[in-house]
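One structure is given here, and the rest of the page talks about it.
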Amino acid sequence: MKIGIYLCTCEGEIEKVIDIDSLVKEASGWSGITDVHKDAFLCSEDGIRKIRKDVESSGLERVLIAACSPFFKMEEFSDLGLNKYLVERVNIREQCSRAHRNDPENATKKTKAMLRIFLEKAKYSQPLQPLQLPSLRSALVIGGGVAGINASIDIAETGNEVFLIEKNPFLGGKVAGFHKYFPRMCPPSCGLELMFSKIKSNPNVHVLTSSEIDTISGSPCNFEIFIKTSPRHIDMDKCVLCGKCLEVCPHNAIVYPEGFSYPCIPAINKGLCAVDCNKCVAVCPVDAIDLDEEGKATNIKVGAIVLATGWEPFDPTPLAEFGYGRLENVVTNIEFEKISKEKKISFEEPKKVAFIQCVGSRDERHLPYCSDVCCMVSIKQALFLKEVNPDNEVYIFYNDIRTPGEYEELYQKARRRGTIFIKGIPSELKQDEPQKINFSVFDTVAGKRLDITTDMVVLATGIKPSQGTIDLKEKIGIVLNKNNFVESHIQCYPQDTQRNAVFSAGCCRAPMDVSRSIESAGAAAIKTLQFFNNCTEITPDNPAVNILKCDVCKRCIEECPFKAYSFDEKGFPKSDIMKCRRCGVCMGGCPLAAISLGGLSIEQLSVMLDVFDRSYLGEDEPLILGFLCKNDAYRAVDDAALKGITYPPNFFGIMVPCAGAVNGAIIAKAISTGIDGVLIAGCPDNQCHYIHGSTLAKARLTDISNKLKEMYLEPERVRFISIGRDDPEKFADSIEEYVEELKKMGRNPLRL
Amino acid sequence: MYNEFFDREKLKYCYQCGKCSSGCDINRIDVSFQPHRLLHLISIGAADNLMEDAGLWKCTTCFTCSERCPQGIKVTEILWIARTIAVKAGHIPELLITQKDILLRTGRLIPMDNKKRGKAGLTAIQEESSVVARIFEIVEKEK
Amino acid sequence: MPPYVVKDKCDGCKGKEEPLCEQICIGDLMTLDMNTGKAYCRSLRDCWDCMSCTKICPKGAIEQRIPYQLGYHGAKLIPMMGTDSITWTCVDINGKVERFTYRTRNKK
């Protein structure tokens, strides 16, 4: 095999510590090496041109670039005239010359060992080709509330097809039922009408109301969705909205739209009808009603999915002390919206209304989180009461008033208009006089007890994830956190759902107000569009299962953080190329070492250990083999070099995609062939980019430690450390400590 | 013995909603007894004078506060333990000392008049003071 | 040398129907106890001591009991599988430890 090695001195910096010339001489003697060159500025245009010329003229099959860390100058080294998977980057700057700048002799020895290992790795590399998969540029948005509607508009207006599915007969979600929404106290008809007109005028949006999802199958770029639509019983083309059916229906079975609703056609809930009533059929002037209409089943194919399944209001009945359902005129904040909107109670004759905050929210027994909007909702409703008649008496009993940003202005306004805020929650509501509500509350600020009598009490209940969100856990397999909200795990990527091509928008992710829901929907739409644009070229470094070795123990299926594995036609596990995020946790967990990643196989790691010169530091120094995760640990080690932090040259680092990608058989081989210590460095637990890669690596290492103990070897020879992106000092200290401990333990007795 | 009940970590959960004081029947009569205030003082470590506070003994242990607390804090038990600590430091209301003496001496909290009982045709009630003293002995030993 | 499953370490191979020890046992003796979710050997007497189960267990939960002819109570035989080698640790009844590493002939 014709291999070329290029050593960069980085304008002479690397050469100050490492004896490059001697390395050039030695490497020239290794078998298979065609060219060994030293260059002062390899990443310059001249340098790259030189490499390209050599590749062409000498017919080089593999190239080793011994220079800076693989995370630098990626663009420059990306096109050298051969497949980029046949180019190996060897980090002799960060990991050798800079890290061991105080020990040039050993730094040179380590560099030689490094070159030898990566040379062997390169020999086993395969020329992988990126794949091209056709992608369906269509999305499914589940949920027709304010988040779902906006996500659909955003996706459609950039020229892509959208299917918007909603289980109710009308779009609009909870916001459609509100009286006003903050901060400008607009009626929802105004905003929603604008949104609906955009949907109506855009042929890319296909709205499916009264519809629910039956099953979802397939994979990103190619999902197949089966949908069940319930019958509306009213012909959408014929109905003229005369309202006669609503007048005659004796069973309240007709759901009538409001002026701004979409679709603006009533729907009949046949479940509430009586048999053989047919009054509506008789009275309809255009014969639009068909009570025998059957439901429909459809299926669609989409490339990506946006979840916008929203929320449900918390039911305060379990908090019996507040008398909801037992006492008259104790209502929830959602019910108050309806009361004020439909003018069921006239607040023009002055009334006394008390609001009680945090009913059910911030409560360990019910919703342990803060529902974000209830303080603003109560202030909005208080301002409404004061506007209708300033003589309305309004009390708000609170724990903490949370009105972030410019909402503070509305809080001040409520106070100035005469709303009385009392810090103290009443313990019990009673009815001592007819049509009144009596309670006694301790004002914690005044230190006094107050006895209050009001006409109405509004319980500020919070936001709970909807049943739709919970159902999707089974249907799509998304991950919900302990409060049943959609969990992304990655702080910088809130729309993520731990499943490729599935994004979350609005309250299904966390309690939020209308503006934030709309922003969140916009973000989800952008992510969907990015997915459509990028998914055509797929990196070929996905894992492959060697079916000759696989025993179908199903550990890979269980442990994959993205549930990308399923069974193929032969009954062996196979990773879906679109669902997979190339973390390698499967490779690390396979008990038979049957899985290999495209760019890093078990065989490669094995031969690397075969040629690793275990006495590169001499016979007395212990050796530590390290596996560094590419997201945090490897970067931190590079950072250490940049900051001038040095650590002993006994440490030898290899980059892996995730700490969870290290297979026990490789560690066993390392120990059994005389390496004194094995270190796995991964992200701190709750920051692992692959959900539980770090946690699994820790657990597996514990098993290996136990095995070492049984073998009468020291269990501390293998260890896991959490290295965050900004922990280079911690890393260097750990290595110093580790080397000391290994010296005390003595050499590995398996060393030959 | 009571450390199993006393969850020191739980005290940190209190966010001073005041529901315990709102529902407390004693607070209704005597506004100076405020369970939420006592919890706050204990949790910030400023409860040095708590042992001498007569209010500590006003709790009737009705458990309304513990029932209604949104953070599940066992307010009643915390006051219980505060009482125990106060007693160990020698702060105990006169009335309770008197009751303890009566209990030790006669075996009951309310002394019995056997003559009156005899007149009414009832059998005399034995003095159980030795049994009560034995119980106190065992409890002392277990500490 | 009948195998002994350490209950704390065994995870029933994630609770699926055929754990690895059951799949590899050539005598069809290892199986999963559906009640406890842990593996066990169905017939200790019929075990031919191949130690395939011990080698393959991903949690290292299986130990071999050594009969008196080979080493008696207290002796241990522990395999550690590498990618292309096995390291055997042998402990006799006096506690003397010896280790041997052999290359295996499988493809890496």
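Based on DSSP H runs of at least 4 residues, each adding -39500 (n - 2.57), what is the mean residue ellipticity at 222 nm of the protein assembly as shown after dividing by all its residues, to the nearest 500 deg cm²/dmol? Numbers along the way, then the final one.
Details: 31 runs with 306 residues, N = 1003.
Calculated at 222 nm, the ellipticity per residue is -9000 deg cm²/dmol.
Using θ = phi - 60° and the Karplus curve 6.51 cos²θ - 1.76 cosθ + 1.60, what whole-Hz ³J(HN,Hα) does each residue of segment A:687-704 get, with Gly and Pro shown as x?
Rounded to whole hertz, the list is 10, 4, 5, 10, 6, 10, x, 4, 4, 5, 4, 4, 5, 5, 5, 4, 4, 5.
Taking a ≥ b ≥ c as the square roots of the Cα gyration tensor eigenvalues, with a/c under 1.5 meaning rounded and otherwise prolate when a/b beats b/c, else oblate, which class fits segment A:312-464?
Values: a/c = 1.17, a/b = 1.02, b/c = 1.14.
Cα axes put segment A:312-464 in the rounded bin.
Can you compute the equivalent ellipsoid semi-axes for segment B:94-142, i.e. the square root of 5 times each eigenvalue of the Cα gyration tensor, sorted largest first and rounded to whole Å? Kindly include the intermediate steps, with their values, before the conclusion.
Working: eigenvalues 134, 38, 5 Å².
That gives 26, 14, 5 Å for the three semi-axes.
Say each of C:Thr36 and A:Ile490 gets a label point 7 Å from the Cα, pointing the same way as Cα to Cβ; how far apart are those two points in nm?
4.3 nm
7 Å from Cα along Cα→Cβ at both A:Asp21 and B:Asn49: what's the point-to-point distance in nm?
8.5 nm
Could you work out how much longer the chain between A:Asp432 and A:Trp30 gets when fully extended? Use 0.36 nm per residue separation minus the Cα distance between them, nm to one decimal.
Values: separation 402, 0.36 × 402 = 144.72 nm, distance 9.71 nm.
Taking A:Asp432 through A:Trp30 to full extension adds about 135.0 nm, to one decimal.
Anyone know which of B:Val87, B:Val75, B:Val132 comes out most mobile in the 10 Å Cα GNM of chain B?
Fluctuation is largest for B:Val132.
Distance between the C-alpha centers of segment A:303-327 and segment A:704-732? Whole Å please.
Taking the Cα centre of each part, segment A:303-327 and segment A:704-732 sit 47 Å apart.
Once the piece of chain linking A:Glu258 and A:Asn83 is laid out straight, how much longer is it, given 0.36 nm per residue of separation minus the C-alpha distance between them?
56.8 nm
Using only atoms on other chains, find how many Cβ atoms lie within 10 Å of each Cβ of peptide C:83-91 and report the average.
Mean partner shielding for this stretch: 6.
Not counting the cut sites, what is the longest span of chain C without chymotrypsin sites (Phe, Trp or Tyr not before Pro) that DSSP labels loop and that have at most 15 other Cβ atoms within 10 Å? Each step should come with its number before you reach the end.
On the way: sites that count: C:Trp48, C:Tyr68, C:Tyr72.
My reading of the result: C:1-47 is the longest stretch.
If the label point is 7 Å along Cα→Cβ of A:Ala40, which residues in segment A:1-30 have backbone nitrogen under 12 Å from it?
Correct set: A:9-13.
Out of all Cα-Cα pairs in segment A:220-284, roughly what percent, to the nearest whole number, are more than 19 Å apart? Spell out each step's value before the answer.
Numbers: 798 of 2080 pairs.
Within segment A:220-284, distances greater than 19 Å cover 38 percent of Cα pairs.
When averaged across all projection directions, what area in nm² does the alpha-carbon convex hull of segment A:62-160 cover?
Its average projected convex-hull area is 11.2 nm².
Using Cα pairs closer than 8 Å and at least 6 residues apart in sequence, work out the relative contact order for segment A:539-752, in percent. Intermediate values should be presented prior to the final figure.
Values: 375 pairs, mean separation 46.1, N = 214.
Contact order relative to length: 22 percent.
With a Cα-only, solvent-free Debye model of segment B:8-88, what are the log10 I(q)/I(0) values at q = 0.13, 0.21 Å⁻¹?
-0.34, -0.95
Just grab the label-to-label distance for A:Val286 and A:Phe71, each label 7 Å out from Cα along the Cβ direction, in nm (one decimal).
6.4 nm
Run the numbers on chain A and let me know its relative contact order in percent, using alpha-carbon pairs under 8 Å that are six or more apart.
Dividing the mean separation by the residue count of chain A yields 12 percent.
What's the FRET efficiency of A:Cys277 with A:Lys448 using the Cβ-Cβ distance as r and R₀ = 41 Å, to the nearest 0.05? Mind showing how you got there, number by number?
Details: r = 60 Å, r/R0 = 1.46.
So, using R0 = 41 Å, E works out to roughly 0.10.
Work out the count of Lys pairs in segment B:8-88 where the Cα-Cα distance is under 22 Å, with the pair 8 or more places apart or on different chains.
On the way: B:Lys10/B:Lys19; B:Lys10/B:Lys74; B:Lys12/B:Lys74; B:Lys19/B:Lys58; B:Lys19/B:Lys74; B:Lys58/B:Lys74; B:Lys58/B:Lys88; B:Lys74/B:Lys88.
For segment B:8-88, the number of qualifying lysine pairs is 8.
Under 12 Å from the Cβ of A:Pro494, count the other residues' Cβ atoms, weight Lys and Arg +1, Asp and Glu -1, and hand me the total. Provide the component values of the computation, followed by the final result.
Numbers: positive: A:Arg509, A:Arg516, A:Lys527; negative: A:Glu487, A:Asp496, A:Glu519.
Net charge in that neighbourhood comes out at 0.
First obtain the Kirkwood hydrodynamic radius of segment C:66-108 from its Cα pairs, then insert it into the Stokes-Einstein equation at 20 °C and 1.002 mPa s, and state the resulting D in µm² per second as a whole number. Write out the running numbers ahead of the final one.
Numbers: Rh = 11.3 Å.
Calculated translational D: 190 µm²/s.
Rounded, prolate or oblate: pick one for the protein assembly as shown, where a ≥ b ≥ c are the square roots of the eigenvalues of its C-alpha gyration tensor, a/c under 1.5 means rounded, and failing that, prolate if a/b is larger than b/c, else oblate. Each step should come with its number before you reach the end.
Details: a/c = 2.07, a/b = 1.34, b/c = 1.55.
Taking the square roots of the gyration eigenvalues as a ≥ b ≥ c, the protein assembly as shown is oblate.
Around A:Leu60, under 15 Å between beta carbons, what's the net of Lys plus Arg minus Asp minus Glu among the other residues?
On the way: positive: A:Lys2, A:Arg49, A:Lys50, A:Arg52, A:Lys53, A:Arg62, A:Lys84, A:Lys123; negative: A:Asp35, A:Asp54, A:Glu56, A:Glu61, A:Asp79, A:Glu88.
So the environment of A:Leu60 carries a net charge of +2.
Would you list, by chain and number, the lysines whose Cα falls below 18 Å from the Cα of A:Lys643, excluding same-chain residues fewer than 8 positions away?
A:Lys16, A:Lys730
Quick one: what does P(r) look like for chain B with 10 Å bins over all Cα pairs, in whole %?
That works out to 10, 31, 28, 19, 10, 3, 0, in percent per bin.
Would you report the distance distribution of C-alpha pairs in segment A:19-67 as whole percents per 10 angstrom bin, up to the bin with the largest distance?
23, 56, 21
May I ask you to list the residues of segment B:76-108 whose amide nitrogen lies under 18 Å from a point 7 Å from Cα along the Cα→beta-carbon direction of B:Ile125?
Under cut-off, by backbone N: B:99-108.
Mind running the shape call on segment C:1-50? Use the C-alpha gyration tensor, a ≥ b ≥ c as the square roots of the eigenvalues: rounded below 1.5 for a/c, prolate if a/b tops b/c, oblate otherwise.
Details: a/c = 2.01, a/b = 1.56, b/c = 1.29.
Prolate, because a/c is 1.5 or more and a/b exceeds b/c.
Can you give me the three principal axis dimensions of segment C:35-80 from its C-alpha atoms, in Å, biggest first?
If we take the Cα atoms of segment C:35-80, the spans are 34, 25, 18 Å.
Beyond 28 Å between alpha-carbons counts as too far, so tell me which of A:Lys73/A:Lys698; A:Lys110/A:Lys669; A:Lys344/A:Lys430 fall in that bin.
On the way: A:Lys73/A:Lys698 33 Å; A:Lys110/A:Lys669 20 Å; A:Lys344/A:Lys430 23 Å.
Too far apart for the 28 Å limit: A:Lys73/A:Lys698.
Multiply the residue separation of A:Glu406 and A:Thr702 by 0.36 nm, subtract the distance between their alpha-carbon atoms, and state the gained length in nm to one decimal. Show your work: numbers first, answer last.
Details: separation 296, 0.36 × 296 = 106.56 nm, distance 5.13 nm.
Difference between extended and current length: 101.4 nm.
I want the antiparallel fraction of DSSP beta bridges within the protein assembly as shown, as a percent rounded to 5.
Around 45 percent antiparallel, to the nearest 5.
Restricting to DSSP loop positions (anything but H, G, I, E, B) with no more than 13 other Cβ atoms inside 10 Å of their own Cβ, which trypsin sites (Lys or Arg not before Pro) remain in segment A:608-696?
Working: sites: A:Arg614, A:Lys630, A:Arg635, A:Lys643, A:Lys669; in loops: A:Arg614, A:Lys630, A:Lys643.
Here the trypsin sites (Lys or Arg not before Pro) that fit, given the DSSP loop and packing criteria, are A:Lys643.
Compute the relative contact order of segment B:94-142 as a whole-number percentage, counting only Cα pairs closer than 8 Å that sit 6 or more residues apart in sequence.
On the way: 30 pairs, mean separation 17.0, N = 49.
Relative CO of segment B:94-142 lands at 35 percent.
Just checking the output field for A:352-359: average partner chain Cβ neighbours within 10 Å of each residue's Cβ?
Details: counts 0, 0, 0, 0, 0, 1, 4, 1.
Mean number of neighbouring Cβ atoms from other chains: 1.
Taking A:Lys343 as the anchor, which lysines have their alpha carbon closer than 25 Å to its alpha carbon, excluding any fewer than eight residues away along the same chain?
A:Lys174, A:Lys180, A:Lys244, A:Lys351, A:Lys352, A:Lys380, A:Lys386, A:Lys413, A:Lys436
No value in this document is a laboratory result; all are computed from the given coordinates. Just so it is clear, the structure is predicted and the values come from calculations on it, not from any experiment. Quick reminder, even Gly has a Cβ in these numbers, built from the backbone with ideal geometry, and neighbours come from all protein chains shown.
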